[in-house]
Amino acid sequence: MAGLSSPGIGSGLDVNGLVTKLMSIEQQPLTKLDTDEASFQAKITALGTLKGAISSLQSSVAALNDPTKFTAKTVSSSDSSVVTGGASTIAAAGSYSLVVSSLAQSQNLSSAGLASPSAALEAGTLTFQFGTGSGVGGGFTLNPTKGTQTVTIDASHATLAGVADAINAANIGVSASIINDGSASGNRLVLTSTSTGAANEMKITSTSATGKLSAFDFDPTAATNSMTENTAATDAVVKVNGVTVSKPSNTITDAIHGVTLNLLSLSAGSTTSTPTVTTLTVARDDSGTQAAVQSFVKSYNDANKALADASAYDVATKTAAPLQGDLSVLTMQNQMANLLTRPLSFPGGGLSTLSDIGIAFQKDGTLLLDSSKLSSVLADSTKDVSTLFASVGKATDSLVSVAGSTSSTLPGSYAINVTHIATQGKLLGAAAPVSQTIDATNNSLGFNVDGVSDVVTLSTGSYTATTLAAEVQSRINGSSVLSGAGSSVTVGYNGTQGKAVGSTAAGLPVTNANNTLDLTVDGAAVSITLDPNLVYTAATLASAIQTSINAALPAGTSVVVSQSSGVLSINSDSYGASSAVNLTGGSGLSNLFGVQTETAGSGDGKMVITSSRYGSASSVSVSGSAATNLTGVGVATAGTDVAGTIGGATATGSGQYLTGTGNAMGLRLLISATTAGDHGVVNFSQGFAYQLNALTTSFLDSTTGTFASETDGINASIKDIDTRRTELQARLVDIEARYRAQFNALDTLIASMQSTQSFLTQQLSSLSALANYSVTGGKA
């Protein structure tokens, strides 16, 4: 019996059954832990659903927190094949009549043909300048916004295809390709400026050992050229409400404030006296605002329902939602409702409550939108719905604009006072340029602009004051180091130009009786004679006068002749007190100019190089042989930061930006004013969308938010349950082992007792038989 190991076999005691029943009682705490964990998991699931609803609400209020949402405009065209348009939020509603008479074009050049794309050339350079030519024999005025660029043609690119590849790789604003016209030597290099406009004409100058690269030279002022101009660089010309506008691009962003014009084709009859007029209409677009408000109301109601459902108790089924009684859920619901029922502390746009635009709370806590009332308010120019929803700052002075704010900026009206305007770093020459002729002895210019240094080489040649300034500006701005740092310069002179301006429109036609003009320019006397056989317009007359005068003047002296409504103006191309244009006689004087007004130049004609940046980090200095010629030692003046107050508190200045302190903490303003003093006020409001966005952001913050805190707490509880479960399971193993040990011992004891009982029973039976035997004398 002692060798038996199965519980209960020895005694018949059901040890396994007894242990199982006892352990089911012992495991009741473990079952309780499982139930608790399931409850916690249900809460996490419910929180996830709530988080999704709050996130949707946040997205809808974020859309309403954008002030531009409330000032959108639509643009329609009566002929979209001629012109289309777009409008920013600052555009004024209205209609505009347009007549397109010219489209902007890029200049296109082609070379003489070569036998193949691999035709051998030679190493050297191609220098590209961009500007406006004044016709054959005239000057070439550099475009000051586009730097001169030099493309190096090394030995590996000394073929027709290699030259095209080198130009494209240089990324200088010129596209190069090879076109085969089908002839035996029909492979031509075709160059196209990537920028449209008359001021983007190309002037190409080559250098190479034997002159092979001169096949790609082009000078718009030369009588003959190696390359052929296929398409001239032209400006777009459009009349807007009768005013002629010329722009370098067919996409015009600054003709009508806030409106972009896309010119697509010429107006029918544009060259006649009765052209077809295209009407462009700019109107308010409230559809986006209405949709955003409707989305906000729906998202709020969805979020409110999700919060209510998550914490509800169903009396009929006597079932509680997973988050029933959860304080955080109730707090979120109350905070959102309280925020939306509280009037704005600073109603900047004449609106302070949601009910002002037709949004009202219902008894069940949901929002209801009256679309008709919203439409009525949107159409009211005295109301600004953006201030009811968004974080909005609006300045009363057009020279002050709101660039940003922070959560620390309090709503209010802040007076702006500028005590010091921002200035740009600049260099003023010590004297006027020594020479306007640039050669190898004075063409190296080192510069440091806003802390960025480089060295450039000026093109050799004879310049006027204007073209020399344009060359310097073009070369400096053409530095990839400087442009990569986001800086640039403007180059001019300290002073004004002398000029003579007519009093009446020039008389036409020009005949033998009125075709001569005598004048002095900067002290140089010249006489010109116009061709009486030509038929002039006001524009071609001005061009002819300019060409004739400049041809007669000595090198380094020139004029610019322009006209406005037929009235002629002659400007000297020099600066300073010695700059003057005096009309002294000639048969055409009174006919061309009437009674002219002559104004002498002023200043000293010193070159001025100015950084495009403002503030204390803005500076300009130059060095090298060109600096000696152009500016001498010069006087460098560092830029200064704007200074002033916002709402009476001293603000922090950086460049042209003022940043507020105190109640205006974080309010960032761009000050474009050129004079110190009071500059109106900035009205700053934080609308309901901004506030609700901030509130929901606090709920959703992944570290400190309500959902994060709730989830962390529940996960901690689940982790505690896991720990307790592990401990309890280990204890249950010990308990079961003890139960089994105890019952096994009892089993053994009972089995032993049963064995003893059997033995004793046998013995007693034997004793009884023996006693009977003795009584009977051994007889049965």
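The values are calculated or read from the model by the stated rules, or taken from the named source; none is laboratory data. The shown structure was predicted, so the numbers you read here are calculated from the model rather than taken from an experiment. Positions of Cβ are backbone-derived with ideal geometry, glycine not excepted, and every protein chain shown enters the neighbour counts. To get the accessible areas, we keep the full protein, side chains included, count just its heavy atoms, and leave off ligands, DNA and RNA. Shrake-Rupley method; radii C 1.70, N 1.55, O 1.52, S 1.80 Å.
Contact map, segment 394-411: residues that are closer than 15 Å to G666 by Cα paired with residues that are polar (S, T, N, Q) and part of a loop (DSSP other than H, G, I, E, B), Cβ distance under 6 Å, separation 6+ or inter-chain. Pairs shown: P411/S345. The condition of being polar (S, T, N, Q) and open to solvent by 20 Å² or more (accessible area, probe 1.4 Å) holds for only one of S487, S407, S479, that being S407.
Could you please let me know if K394 is open to solvent by 30 Å² or more (accessible area, probe 1.4 Å), part of a strand (DSSP E or B), within 27 Å of K73 (Cβ to Cβ) and at pLDDT below 95?
Working: open to solvent by 30 Å² or more (accessible area, probe 1.4 Å): yes; part of a strand (DSSP E or B): yes; within 27 Å of K73 (Cβ to Cβ): yes; at pLDDT below 95: yes.
Yes: the conditions hold for K394.
So, Q107, is that one in contact (Cβ under 8 Å) with a residue 60 or more places away in the chain, within 30 Å of G85 (Cβ to Cβ), touching a strand residue (DSSP E or B) at 6+ places or on another chain (Cβ under 9 Å) and of a type in the set (S, T, N, Q) or not? The answer is yes for Q107.
Of the strands (runs of 3 or more DSSP E) lying entirely inside segment 523-634, those carrying at least 1 residues that are in contact with a Gly (Cβ under 7 Å, 6 or more places away or on another chain) and within 30 Å of N443 (Cβ to Cβ) are 567-572, 603-614, 620-623.
Given V622, V642, which one is among the aliphatic types (A, V, I, L, M) and farther than 24 Å from T419 by Cβ?
Numbers: V642 fails: farther than 24 Å from T419 by Cβ.
Answer to the selection: V622.
Rundown of residues vs (1) buried (at least 17 other Cβ atoms within 10 Å of the Cβ); (2) in contact (Cβ under 8 Å) with a residue 12 or more places away in the chain; (3) closer than 30 Å to Q473 by Cβ, yes/no style:
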position: G113; (1), (2), (3): yes, yes, no
position: T132; (1), (2), (3): yes, yes, yes
position: T141; (1), (2), (3): yes, yes, yes
position: G147; (1), (2), (3): yes, yes, yes
position: V174; (1), (2), (3): yes, yes, yes
position: A184; (1), (2), (3): no, yes, no
position: L189; (1), (2), (3): yes, yes, yes
position: E201; (1), (2), (3): yes, yes, yes
position: T207; (1), (2), (3): no, yes, yes
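Out of the residues in segment 635-646 that are hydrophobic (A, V, I, L, M, F, W, C) and not in a strand (DSSP E or B), which is surrounded by the fewest Cβ atoms within 10 Å (Cβ to Cβ)? Here the residue is A638. Number of residues in segment 647-679 that are assigned to a strand (DSSP E or B), in contact with a Leu (Cβ under 9 Å, 6 or more places away or on another chain) and open to solvent by 20 Å² or more (accessible area, probe 1.4 Å): the value is 5. Close Cβ contacts (under 7 Å, 6 or more residues apart or on different chains) running from residues in segment 76-87 that are part of a loop (DSSP other than H, G, I, E, B) to residues that are open to solvent by 40 Å² or more (accessible area, probe 1.4 Å) comprise S78/T279; S81/L264; V82/L264. Close Cβ contacts (under 6 Å, 6 or more residues apart or on different chains) running from residues in segment 482-497 that are under 18 Å from G601 (Cβ atoms) to residues that are part of a helix (DSSP H, G or I) comprise V491/A469; V491/V472; V491/Q473; G492/A469. Of the set (1) touching a Ser or Thr at 6+ places or on another chain (Cβ under 7 Å); (2) closer than 30 Å to S177 by Cα; (3) surrounded by fewer than 18 Cβ atoms within 10 Å (Cβ to Cβ), all apply to S78 but (2). Please indicate, with yes or no, whether at least one residue in segment 222-241 is open to solvent by less than 60 Å² (accessible area, probe 1.4 Å), charged (D, E, K, R) and not in a strand (DSSP E or B). Checking segment 222-241: at least one residue is open to solvent by less than 60 Å² (accessible area, probe 1.4 Å), charged (D, E, K, R) and not in a strand (DSSP E or B). For segment 417-436, the set of residues classified as part of a strand (DSSP E or B) and either touching an Asp or Glu at 6+ places or on another chain (Cβ under 6 Å) or crowded, with 16+ Cβ neighbours inside 10 Å (or both) consists of N417, V418, T423, Q424, G425, K426, L427, L428, listed by residue number. Residues in segment 685-722 that are closer than 30 Å to T353 by Cβ, among the β-branched types (V, I, T) and open to solvent by less than 50 Å² (accessible area, probe 1.4 Å): T696, T706. Residue under question is S444, and the condition is that it be touching a residue at least 12 places away in the same chain (Cβ under 8 Å), of a type in the set (S, T, N, Q) and open to solvent by less than 20 Å² (accessible area, probe 1.4 Å); does it hold? Spelling it out, it is not the case that S444 is touching a residue at least 12 places away in the same chain (Cβ under 8 Å), of a type in the set (S, T, N, Q) and open to solvent by less than 20 Å² (accessible area, probe 1.4 Å). Filtered by the rule that a residue be open to solvent by less than 50 Å² (accessible area, probe 1.4 Å), touching an Asp or Glu at 6+ places or on another chain (Cβ under 7 Å) and of a type in the set (V, I, T), segment 522-575 gives T557, V559.
Within segment 449-463, track down each residue that is more than 10 Å from T148 (Cβ to Cβ) and either without any contact (Cβ under 8 Å) to a residue 40 or more places away in the chain or open to solvent by less than 20 Å² (accessible area, probe 1.4 Å) (or both).
So in segment 449-463, the residues more than 10 Å from T148 (Cβ to Cβ) come out as 449-455, 460-463.
The answer is V449, V452, S453, D454, T460, G461.
As for segment 140-153, it holds at least one residue that is in a strand (DSSP E or B), more than 35 Å from the chain's Cα centre (by Cα) and not polar (S, T, N, Q).
One line per residue, one yes/no per condition, for (1) buried (at least 19 other Cβ atoms within 10 Å of the Cβ); (2) among the hydrophobic types (A, V, I, L, M, F, W, C); (3) at pLDDT below 85:
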position: S24; (1), (2), (3): no, no, no
position: K32; (1), (2), (3): no, no, no
position: E37; (1), (2), (3): no, no, no
position: I44; (1), (2), (3): no, yes, no
position: K51; (1), (2), (3): yes, no, no
position: S56; (1), (2), (3): no, no, no
position: A62; (1), (2), (3): no, yes, no
position: P67; (1), (2), (3): yes, no, no
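Restricted to segment 441-479, and to residues there that are more than 18 Å from T205 (Cα to Cα) and among the hydroxyl-bearing types (S, T, Y), the residue that is nearest to the chain's Cα centre (by Cα) is S479.
In segment 723-734, the residues that are closer than 16 Å to K32 by Cα and open to solvent by 80 Å² or more (accessible area, probe 1.4 Å) never reach a residue that is hydrophobic (A, V, I, L, M, F, W, C) and not in a helix (DSSP H, G or I) with C-beta atoms less than 8 angstrom apart, at least six apart or across chains.
Any idea how many residues of segment 88-124 are more than 27 Å from T281 (Cα to Cα) and assigned to a loop (DSSP other than H, G, I, E, B)?
Start the filter on segment 88-124 by keeping residues that are more than 27 Å from T281 (Cα to Cα), which leaves 106-124.
Filter once more, so that each one left must be assigned to a loop (DSSP other than H, G, I, E, B): 106-107, 111-113, 115-119, 121-123.
So the answer is 13.
Being without any contact (Cβ under 8 Å) to a residue 40 or more places away in the chain and more than 15 Å from S101 (Cα to Cα) is the filter here; which residues of segment 209-254 pass it? Across segment 209-254, the qualifying residues are G211, S214, D217, T224, N225, T253, D254.
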